[in-house]
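One structure is given below, encoded as structure tokens.
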Amino acid sequence: MTISHLSSISSGTERSSAATPLIEAADDSVNGAVDYDGNPVHRSTSGGWRSASFIIAMEVAERFAYFGICSNLITYLTGPLGQSTASAAANVNTWSGTAALLPLLGAFVADSFLGRYRTIVAASLVNILGLSMLTLAAKLTSANLHDCQSTKNVSLCAPPRFLVTLFFFSVYLVAVGQGGYKPCVQAFGGDQFDGQDLEESKTKSSFFNWWYFSISVGVTMALIVLVYIQENLSWSLGFGIPCIVLVASLLVFLLGSRTYRFSVKENNKNPFMRIGQVIVRAIKNRHHTPSAISSEEDACPSGVNARNNSSKRNNKN
């Protein structure tokens, strides 16, 4: 009796020890996240600071480029483009307001179609294209001003309409890139930390602290370095440096693609779609009486419960 009891204990111990690695392997996986190829991700090989560092580096470069433009934009409008202070202020305010509203559209595109990662890449490419065209516009405008100073012909001092159009098209292209970038990159950085894990939850708080510190670093560098270059050396160089920095930051961001965690939502129904359905339902029910609408809503849960009960019975069978 004792020998059989000991044998049963030893066999149970062997089974528990054999099951332990499986439990540890299961704990290493991250719920609600996949890798670049759509496979389940493991905490030891993805996410965390190894991924967040790429994203923070990109944020520093993006803030450096954006504030390198907007902080000195009115000076460029009143200088090389020859606009009045009132017109330049109005154009800067319109551009800034557009850049502030476009993230609503970028968030919709990311949530409904592309996802955060693809939206960041696409917005960065648009941003780089806008900065490239802005650099070209500044170079051509500088050449036009040089011709004006050499010939002393006042009629040549005003930049051609083509250059003005190219400039505004470029800065609004940058605003479009900002609209896709801003609502996604910080959230994508937060996706690299599992909020259900105690250790990663603490690290996630530290990530956001470093995130805002990196924004301050990018803005400070832009205000000190780029503004000086634009006003004392060359506007085309002052716009070209942010473009080069953004290209380098995009390459750095793409290098970390295999380490990123991509969030998977159980309910993929977009909130904007739900809002639209509410509006459509309200339009359809505008001629109905409140009693008819309430009776219809009371009938819906019963239908849902009936379907749930039937599905439960099918699962049991």
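The values are calculated or read from the model by the stated rules, or taken from the named source; none is laboratory data. Keep in mind that this is a model prediction, so the values were computed, not measured. Here the Cβ is made from the backbone with ideal geometry for all residues, glycine too, and neighbour counts use every protein chain on show.
Values as computed for the structure displayed
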| read-out | value |
| --- | --- |
| Residues (crowded, with 17+ Cβ neighbours inside 10 Å, outside any helix (DSSP H, G or I) and under 20 Å from the mean Cα position of the chain (by Cα)) located in the range 36-56 | SER46, GLY47, GLY48 |
| Any chance PRO80 is touching a helix residue (DSSP H, G or I) at 6+ places or on another chain (Cβ under 8 Å), touching a residue at least 40 places away in the same chain (Cβ under 8 Å), under 21 Å from SER216 (Cα atoms) and not basic (Lys, Arg) | no |
| Some residue of the range 73-85 being buried (at least 19 other Cβ atoms within 10 Å of the Cβ), part of a helix (DSSP H, G or I) and not small (Gly, Ala, Ser) | yes |
| Candidates ALA65, ALA33, filtered to the one that is in a helix (DSSP H, G or I) and among the small types (Gly, Ala, Ser) | ALA65 |
| Check on GLY68, out of contact with any Ser or Thr (no Cβ under 9 Å at 6 or more places or on another chain) and of a type outside the set (Lys, Arg) | yes |
| The range 195-221, subset more than 21 Å from the chain's Cα centre (by Cα) and closer than 28 Å to TYR76 by Cα, residue surrounded by the fewest Cβ atoms within 10 Å (Cβ to Cβ) | THR220 |
| Among the candidates LEU255, LEU233, LEU166, residue that is surrounded by 15 or more Cβ atoms within 10 Å (Cβ to Cβ) and either more than 20 Å from PHE67 (Cα to Cα) or modelled with pLDDT of 90 or more (or both) | LEU166 |
